[in-house]
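The values are calculated or read from the model by the stated rules, or taken from the named source; none is laboratory data. This one's a predicted model, so the numbers in the text were calculated from it and none came from an experiment. Cβ coordinates were reconstructed from backbone atoms using ideal geometry, including for glycine residues, and neighbour counts include every protein chain displayed.
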């Protein structure tokens, strides 16, 4: 029931947030455009993530799905909140992020240790929240992740096996 409440809040707040706070242009890229990119590219992995979850990029907030792919977080409610904690640790600041973290920790406190671990991972990673991800779609996902995270962090995120 608590997770359903958070899902409902995410779905309804997203439209309001993008219309009020996001003034930049959307990417105008489809999931099929991404799936046509070479296999090792970040963009191809983004397309596969969207396809697996039956999503398309959300105009003006495309970067959010990029964070999922870069960091390996699923779209489960607790992972959405943990991803926001990781981004906060990495230096990202936005009203939506604050709301997601505050509500997530308040409504689902049983995941607090996971959220804190995600925060610490974001804090120790190289900054990535400010990138123009549209320009990085052709970059190797492996190289991109290795430039952001240490081997230990990649292992903890289940992005590599030691």
Q: Kindly indicate which of 119, 114, 96 is assigned to a helix (DSSP H, G or I), at pLDDT 95 or above and buried (at least 17 other Cβ atoms within 10 Å of the Cβ).
A: 119
**Q.** residue 145 out of contact with any strand residue (DSSP E or B) (no Cβ under 7 Å at 6 or more places or on another chain), surrounded by fewer than 18 Cβ atoms within 10 Å (Cβ to Cβ), at pLDDT 95 or above and within 29 Å of residue 25 (Cβ to Cβ)
**A.** no
Q | Whichever residue in the range 68-93 is without any contact (Cβ under 8 Å) to a residue 24 or more places away in the chain and in a helix (DSSP H, G or I) and, among such residues, is surrounded by the most Cβ atoms within 10 Å (Cβ to Cβ) | A | 84
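Could you tell me which of the residues 129, 138 is part of a loop (DSSP other than H, G, I, E, B), surrounded by 18 or more Cβ atoms within 10 Å (Cβ to Cβ) and in contact (Cβ under 8 Å) with a residue 40 or more places away in the chain?
Numbers: 138 fails: surrounded by 18 or more Cβ atoms within 10 Å (Cβ to Cβ).
Just a single option satisfies the conditions, and that option is 129.
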Q: Answer yes if at least one residue in the range 28-39 is over 21 Å from residue 83 (Cβ atoms), surrounded by 15 or more Cβ atoms within 10 Å (Cβ to Cβ) and in contact with a strand residue (DSSP E or B) (Cβ under 8 Å, 6 or more places away or on another chain), and no otherwise.
A: no
Q: All but one of (1) under 14 Å from the mean Cα position of the chain (by Cα); (2) touching a residue at least 60 places away in the same chain (Cβ under 8 Å) hold for residue 101, so report the exception by its number.
A: (2)
Q: Considering only the range 143-162, state which residues are over 18 Å from residue 79 (Cα atoms) and without any contact (Cβ under 8 Å) to a residue 24 or more places away in the chain.
A: 143, 146, 147, 151, 152, 160, 161, 162
